[in-house]
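K.L.:
Okay, here's the structure, questions in a sec.
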Amino acid sequence: EHSIPLIVDATQTVGIFNVNVQSMHCDVLVAAVHKWLLGPIGMCLMYIHPKYHDTWLPLDQHERSRVVFQTENYDAMENKICPGS
């Protein structure tokens, strides 16, 4: 009714229980992988529902990876949609 995104922190769940974003009906799920997935500290995973893929832009990327995101419609160095896109 109010279009409020459901954002789930699943750090304590991923790796212990089956996690199904479709059955949870969440818009975003994030988890640190160092807990029950035994991944490296500082690494995380994130799921974003496809309905947000065209409207949510990353706040920033590491400067070495920005060129990967550069397209004719997105200026990665300025982190914004190009005029006329």
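K.L.:
So THR71 fits all but one of (1) at pLDDT below 85; (2) surrounded by 14 or more Cβ atoms within 10 Å (Cβ to Cβ); what number is the exception?
P.N.:
That leaves (2) as the condition not met.
K.L.:
How many residues does segment 1-36 hold that are in a helix (DSSP H, G or I) and of a type in the set (A, V, I, L, M)? If you could, list the steps in order and put the result at the bottom.
P.N.:
At the first step, the residues of segment 1-36 found to be in a helix (DSSP H, G or I) are 21-24.
If we keep only those that are of a type in the set (A, V, I, L, M) too, we end up with 21, 24.
Count: 2.
The values are calculated or read from the model by the stated rules, or taken from the named source; none is laboratory data. The structure displayed is predicted, hence computed values, not measured ones. No Cβ is skipped: glycine too gets one built from the backbone with ideal geometry, and neighbour counts run over all protein chains shown.
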